[in-house]
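Taking it in order: structure first as structure tokens, then the write-up.
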Amino acid sequence: MMARAWGRTWFLAAAAVAAVGGVELAWPGTVARLTRGLVSADLLIRAGLFTVVLVGLNLLMGYAGQASLGQAAFYGLGAFASAIFTVRAQALGIPPSVAGAWWWPWLVMLLAAVAVGAFALGVGWVILRLRGHYLAMATLGLGIIVYIVLRENLGLPHLNLTGGFDGIVGVPRLRVGGAELWPVQVYYFVVWAAALGAMALGLNVVHSPAGRALRALHGSELAAESVGVDVGRLKAQIFALSAALASVAGSLYAHFQAAVVPDTFGFVPSLELVVMSAVGGMSSIWGAPLGALAVLLLEQLLRTHVLGFVPAVSGELEPVVFGLMLVVIMMFWPAGLVSSRRVQGAVWASR
Amino acid sequence: MSRDSLLRVERVTKAFDGLVALSEVSLEVRPGQIKGLIGPNGAGKTTLFNLIACCLAPSAGDIVFCGRSLVGLPPHRAAELGIARTFQNVQVFPGMTVLEHVLVGLHRQARAGLAACALQTVRLRRTERRLREEAEALLDRLDLLPWAEVPVETLPFGLLRRVELARALAVRPKLLLLDEPGSGLNPTEKQAMSQLVRGLRDEGITVFLVEHDMTMVMGLADEVAVLDHGSLLCEGPPQQVQRDPRVVAAYLGEGDDA
């Protein structure tokens, strides 16, 4: 039996997501036309994927207070697991009757999430003993190691499982029975169902004894331990949960993009996730969709409206603007967009 | 040593990189007692508390609580066994309300894993309601109810000491370690704190406390142990300890240094 702890705002968000999706489904391209090309179905899907990752990252960073500069690694592990086990199924000796079944990619997604979660649990047990900058460094290192392992074919070049620099192309679309969950307007619903599911999960955790314990250990590990909170275990568990969520998002990304390359999951994407988390507000589950949307919109705005007027510079302006944005957010809204009055009015209902 | 002790510290030594903080300290706390621990600054009082709460492990010796050794246990296990504590420098959770502090103290009773929390099982919700009632009852007892929904960082220091005490009591401890419960409090607050501690003892909670305020500790404790330079100087009823020439010397000695 399950109950819910998420309240009205979640349902409003779900309704808004469904409304936008419904309009796009009936009249494809409407959102893009209304926003003069700023918002596309593609952008909304990316926002949904990042929301799934950010819910985990916010629980880890905002609530438990444990920095992660390597979260894109788990996103990448999920993406590559899905790509490898679908595209390279034959080479791995998986019978076509299984690999060709509609449920196979879903099963891979699930098993990948479990495996990535278990991996994070093991790694977390060790590195979460570190604090502050040291933990940040360790997760940074972890992210870079995973990126290199993916790029270097898991160290097994003769099998060519990850495809090295070029990655893997031809990842199949997801299906349910005989129905392909495509075009993009249909896939939107898949991704946002996952995003809303992740948010519900996150809100449940936040409004529970575990959520309180996370905030407590953030404030004082010493005091949390003194009342019986198993701090090491809880930190490892939340790290594992965040990794599993990132893995699911990665799998959904692989089936969306139909191709995966290691560069999508390197250090810069990990940093981008941290920026999104900070922009939205890391101490809030609602910060996840807000941060993802805000940063992706800004990126798009830069690409379409600003860079065009500055012919001399190409994409290199983006990281600069990201840096500036982080500085401005930290100065004026250290708690992220969620802390702004207007946003709070909407979020308040959920508390 | 008598068999009916709740806590037995047996020839405990603690050294930090060769610096000996405690050397061969033995003492015991009997059930239903208020035991005081005094000594000049740097005598090793807080170190001893940290050893009992399993925040540190002794270099040698044994600490036995309710018949079982605490050596090697992680701190959250000490809480599970019934040892709760407050801190010399108040340790609160910024951003959390007074009620939430007590609810964190009730963490052990929630018995909810991360999975149950993520899925908000019906059992969890039922437990949560019960915990909330229990937390409110506890706040009411400590006269903290008016501040239940207030974030702790806005509270004055005197109340923070009481919030810490409420959180520790939520553990339902057999043994309560109070590290300078009177420090930073005004005389009225100190008196109220003493009253509160006596009340806890009358309910069957054994109290072991470090305190600098001699009037407070002598009026409160049934028995006092004195530490100096990491060694146990003497132990006994307050009046006797107060008159002990070694104790007088230790405190005067500290005065000379200062």
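Computed values, structure above
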{"read-out": "Any hit, region A:234-257, residues being among the hydroxyl-bearing types (S, T, Y), within 14 Å of chain B (Cβ to nearest Cβ) and assigned to a helix (DSSP H, G or I)", "value": "yes"}
{"read-out": "Inter-residue pairs, beta-carbon under 6 Å, first touching a residue at least 60 places away in the same chain (Cβ under 8 Å) and in region A:258-273, second among the polar types (S, T, N, Q), 6+ apart", "value": "A:S270/A:Q71; A:L273/A:Q71"}
{"read-out": "Residue that is touching a residue at least 60 places away in the same chain (Cβ under 8 Å), away from every other protein chain (no Cβ under 14 Å) and buried (at least 22 other Cβ atoms within 10 Å of the Cβ), where the choices are A:I168, A:I144", "value": "A:I168"}
{"read-out": "Criterion (at positive phi and open to solvent by 10 Å² or more (accessible area, probe 1.4 Å)) met by exactly one of B:G219, B:G184", "value": "B:G184"}
{"read-out": "Within region A:28-51, tally of residues that are open to solvent by 30 Å² or more (accessible area, probe 1.4 Å) and closer than 15 Å to A:W182 by Cα", "value": "2"}
{"read-out": "Test: B:E153 is under 22 Å from the mean Cα position of the chain (by Cα), over 19 Å from B:E203 (Cβ atoms) and within 11 Å of chain A (Cβ to nearest Cβ)", "value": "yes"}
{"read-out": "Failed item, numbered, when A:V229 is tested on (1) hydrophobic (A, V, I, L, M, F, W, C); (2) assigned to a helix (DSSP H, G or I); (3) within 8 Å of chain B (Cβ to nearest Cβ); (4) crowded, with 24+ Cβ neighbours inside 10 Å", "value": "(2)"}
{"read-out": "Hits in region A:201-210 (condition: buried (at least 22 other Cβ atoms within 10 Å of the Cβ) and either more than 7 Å from chain B (Cβ to nearest Cβ) or of a type in the set (F, W, Y) (or both))", "value": "A:G202, A:L203, A:V206"}
{"read-out": "Residues (of a type outside the set (A, V, I, L, M, F, W, C) and either farther than 19 Å from A:G76 by Cβ or open to solvent by 50 Å² or more (accessible area, probe 1.4 Å) (or both)) located in region A:95-141", "value": "A:P95, A:P96, A:S97, A:G100, A:R129, A:R131, A:G132, A:H133, A:Y134"}
{"read-out": "Top-ranked residue in region B:61-91 [being out of contact with any Asp or Glu (no Cβ under 8 Å at 6 or more places or on another chain) and small (G, A, S); ranked as farthest from the other protein chains (Cβ to nearest Cβ)]", "value": "B:G67"}
{"read-out": "Residue within region A:105-115 that is in contact with a Leu (Cβ under 9 Å, 6 or more places away or on another chain), within 14 Å of chain B (Cβ to nearest Cβ) and over 18 Å from A:F189 (Cα atoms) present", "value": "yes"}
{"read-out": "Test: residue in region B:105-116 that is of a type in the set (G, A, S), within 14 Å of chain A (Cβ to nearest Cβ) and open to solvent by 50 Å² or more (accessible area, probe 1.4 Å)", "value": "yes"}
{"read-out": "Some residue of region B:74-87 being modelled with pLDDT of 95 or more, within 24 Å of B:P238 (Cα to Cα), out of contact with any Ser or Thr (no Cβ under 9 Å at 6 or more places or on another chain) and surrounded by fewer than 20 Cβ atoms within 10 Å (Cβ to Cβ)", "value": "no"}
{"read-out": "Filtered residue count, region B:126-137, keeping only those that are open to solvent by 30 Å² or more (accessible area, probe 1.4 Å) and hydrophobic (A, V, I, L, M, F, W, C)", "value": "1"}
{"read-out": "Odd one out for A:G62 among (1) part of a helix (DSSP H, G or I); (2) more than 14 Å from chain B (Cβ to nearest Cβ); (3) within 27 Å of A:L203 (Cβ to Cβ)", "value": "(2)"}
{"read-out": "Residue within region B:172-182 that is over 23 Å from B:F65 (Cα atoms) and modelled with pLDDT of 95 or more present", "value": "no"}
{"read-out": "Number of positions in region B:201-216 that are open to solvent by 10 Å² or more (accessible area, probe 1.4 Å), out of contact with any Gly (no Cβ under 7 Å at 6 or more places or on another chain) and not β-branched (V, I, T)", "value": "4"}
{"read-out": "Pairs with Cβ under 9 Å, 6+ apart, first in region B:194-218 and basic (K, R), second surrounded by fewer than 23 Cβ atoms within 10 Å (Cβ to Cβ)", "value": "B:R201/B:G32; B:R201/B:Q33; B:R201/B:D222"}
{"read-out": "Hits in region B:123-146 - residues which are touching a residue at least 12 places away in the same chain (Cβ under 8 Å) and either of a type in the set (V, I, T) or within 25 Å of A:N204 (Cα to Cα) (or both)", "value": "B:L124, B:T127, B:E128, B:L131, B:R132, B:E134, B:A135, B:E136"}
{"read-out": "Failed item in (1) among the aliphatic types (A, V, I, L, M); (2) part of a helix (DSSP H, G or I); (3) surrounded by 21 or more Cβ atoms within 10 Å (Cβ to Cβ), with A:V275 passing the rest", "value": "(3)"}
{"read-out": "Subset of region B:92-104 (residues that are facing chain A (nearest Cβ under 8 Å), open to solvent by 10 Å² or more (accessible area, probe 1.4 Å) and modelled with pLDDT of 95 or more)", "value": "B:V92, B:E100"}
{"read-out": "Condition broken by A:A179, with the remaining ones in (1) touching a Phe, Trp or Tyr at 6+ places or on another chain (Cβ under 9 Å); (2) over 20 Å from A:G56 (Cα atoms); (3) open to solvent by 10 Å² or more (accessible area, probe 1.4 Å); (4) within 7 Å of chain B (Cβ to nearest Cβ) satisfied", "value": "(4)"}
{"read-out": "Residue match in region B:130-145 (condition: within 11 Å of another protein chain (Cβ to nearest Cβ) and of a type in the set (D, E))", "value": "no"}
{"read-out": "Some residue of region B:23-38 being surrounded by fewer than 22 Cβ atoms within 10 Å (Cβ to Cβ), hydrophobic (A, V, I, L, M, F, W, C) and free of Cβ contacts under 8 Å to residues at least 12 places away in the same chain", "value": "no"}
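The values are calculated or read from the model by the stated rules, or taken from the named source; none is laboratory data. Remember, it's a predicted structure, so these values are computed and weren't measured experimentally. As a convention, Cβ positions derive from the backbone with ideal geometry for all residues, glycine included, and neighbour counts pool all protein chains shown. Ligands, DNA and RNA are stripped out before the accessible areas are found, and what is left, the full protein with its side chains, is counted by its heavy atoms. Shrake-Rupley method; radii C 1.70, N 1.55, O 1.52, S 1.80 Å.
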